[in-house]
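Since the structure comes first, as structure tokens, the remarks are kept for the end.
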Amino acid sequence: DGGITQSPKYLFRKEGQNVTLSCEQNLNHDAMYWYRQDPGQGLRLIYYSQIVNDFQKGDIAEGYSVSREKKESFPLTVTSAQKNPTAFYLCASSTSVAWTYEQYFGPGTRLTVT
Amino acid sequence: SQQGEEDPQALSIQEGENATMNCSYKTSINNLQWYRQNSGRGLVHLILIRSNEREKHSGRLRVTLDTSKKSSSLLITASRAADTASYFCATDEPRDYKLSFGAGTTVTVRA
């Protein structure tokens, strides 16, 4: 059963703590992405990776970090430097380094920081 | 930055009716895609239309693209309760392949 998994579905943290969101795919996709979605808004790109051991900042990378040590995995760390971390986080992947392909999304992680 | 803007923001229709939503964008694009998101879930890809295409069909979905007006429309025919969701357009630009998503149209199909 191929797809993208994100865990956990819900995550609660205290302000000032770093937290890592998991994203795993078994679709053999080269490219992976992290988006943030706030209520009533579209998706904003945080980071993306076109290949293992390489990643690029998206539009709102400040306060976030990522790694891409394996093709299947692209974890996102929300650091204490992120001023407003409470949001719905979506991971996605696509076949190719070119962006003109459909993206496959995971089910998302809802992060609440208090 | 968000390039696509969907209109209307929300739409409520009776089951069996058609639903039409529009997407406008600001700059030249390579392709335009439409995605669906059920409440609290990830996005699901519906259809991709390339900048040199004018119309595309997939089941009950019909997408048009007018590059001269920088706009696209998504038509869902014979709507069902299961079509209740938010619909997003996403564009990517020449030489900058990042996908830009609009804020979405929320569609409610009443039984």
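The values are calculated or read from the model by the stated rules, or taken from the named source; none is laboratory data. As the structure is a computational prediction, the values presented were derived from the model and not from experiment. Positions of Cβ are backbone-derived with ideal geometry, glycine not excepted, and every protein chain shown enters the neighbour counts.
Of all residues being within 20 Å of B:GLY42 (Cβ to Cβ), among the hydrophobic types (A, V, I, L, M, F, W, C) and not in a strand (DSSP E or B) in region A:18-62, which is nearest to the other protein chains (Cβ to nearest Cβ)? Just the residue, please. Reasoning before the result, please.
Restricting attention to region A:18-62, the residues satisfying the condition of being within 20 Å of B:GLY42 (Cβ to Cβ) are A:19-49, A:58-60.
If we keep only those that are among the hydrophobic types (A, V, I, L, M, F, W, C) too, we end up with A:19, A:21, A:23, A:27, A:31-32, A:34, A:43, A:45-46, A:60.
Subset that is not in a strand (DSSP E or B): A:27, A:60.
Working: A:LEU27: 13, A:ILE60: 10 Å.
Only one residue fits best here, namely A:ILE60.
Which of the residues spanning region A:80-89 are under 13 Å from A:ILE60 (Cβ atoms) and surrounded by fewer than 17 Cβ atoms within 10 Å (Cβ to Cβ)? Write out each step before concluding.
Our first condition is that a residue be under 13 Å from A:ILE60 (Cβ atoms); within region A:80-89, this holds for A:81-85, A:87, A:89.
Listed by number, the residues that qualify are A:ALA81, A:LYS83, A:ASN84.
Among the residues of region B:1-23, how many are within 14 Å of chain A (Cβ to nearest Cβ), farther than 27 Å from A:LYS57 by Cβ and of a type outside the set (A, V, I, L, M)? Counting residues in region B:1-23 that are within 14 Å of chain A (Cβ to nearest Cβ), farther than 27 Å from A:LYS57 by Cβ and of a type outside the set (A, V, I, L, M) gives 3.
For B:SER73, the test of being under 19 Å from A:GLY42 (Cβ atoms), of a type in the set (Ser, Thr, Tyr), more than 13 Å from chain A (Cβ to nearest Cβ) and touching a residue at least 24 places away in the same chain (Cβ under 8 Å) is passed.
For region A:82-103, the tally of residues that are within 18 Å of A:ARG68 (Cβ to Cβ), more than 7 Å from every other protein chain (Cβ to nearest Cβ) and not hydrophobic (A, V, I, L, M, F, W, C) stands at 5.
Would region B:88-103 turn up any residue that is part of a strand (DSSP E or B), under 13 Å from the mean Cα position of the chain (by Cα) and of a type in the set (D, E, K, R)?
First pass over region B:88-103, keeping only residues part of a strand (DSSP E or B): B:88-93, B:96-101.
After this cut, where a residue has to be under 13 Å from the mean Cα position of the chain (by Cα) as well, the list is B:88-91, B:100-101.
Still in the list and also of a type in the set (D, E, K, R): none.
Taking every residue of region B:88-103 in turn, none turns out to be part of a strand (DSSP E or B), under 13 Å from the mean Cα position of the chain (by Cα) and of a type in the set (D, E, K, R).
Answer with yes or no whether A:SER49 is modelled with pLDDT under 95 and surrounded by fewer than 18 Cβ atoms within 10 Å (Cβ to Cβ). No: the conditions fail for A:SER49.
Looking at B:LEU32, B:LEU75, B:LEU65, just one residue is within 27 Å of A:PHE55 (Cα to Cα) and assigned to a strand (DSSP E or B), and that residue is B:LEU32.
Read through the list (1) in a loop (DSSP other than H, G, I, E, B); (2) touching a Lys or Arg at 6+ places or on another chain (Cβ under 9 Å); (3) not polar (S, T, N, Q), then give the number of the only condition that A:GLU15 fails. Failing condition for A:GLU15: (2).
Sort out which residues of region B:29-46 are of a type in the set (Val, Ile, Thr) and either touching a helix residue (DSSP H, G or I) at 6+ places or on another chain (Cβ under 9 Å) or facing chain A (nearest Cβ under 8 Å) (or both), and write them in order of number.
Let us first name the residues in region B:29-46 that are of a type in the set (Val, Ile, Thr), namely B:29, B:44.
If the condition is that a residue be of a type in the set (Val, Ile, Thr) and either touching a helix residue (DSSP H, G or I) at 6+ places or on another chain (Cβ under 9 Å) or facing chain A (nearest Cβ under 8 Å) (or both), then B:VAL44 is the only one that fits.
Close contacts from region A:43-65, counting a first residue that is basic (Lys, Arg) and a second that is modelled with pLDDT of 95 or more and crowded, with 20+ Cβ neighbours inside 10 Å, with Cβ to Cβ under 7 Å and a gap of 6+ residues or different chains, come to A:ARG44/A:TYR35; A:ARG44/A:ARG36; A:LYS57/A:TYR47.
Restricting attention to region B:79-102, the residues being touching a residue at least 40 places away in the same chain (Cβ under 8 Å), in contact with an Asp or Glu (Cβ under 8 Å, 6 or more places away or on another chain) and surrounded by fewer than 19 Cβ atoms within 10 Å (Cβ to Cβ) number 2.
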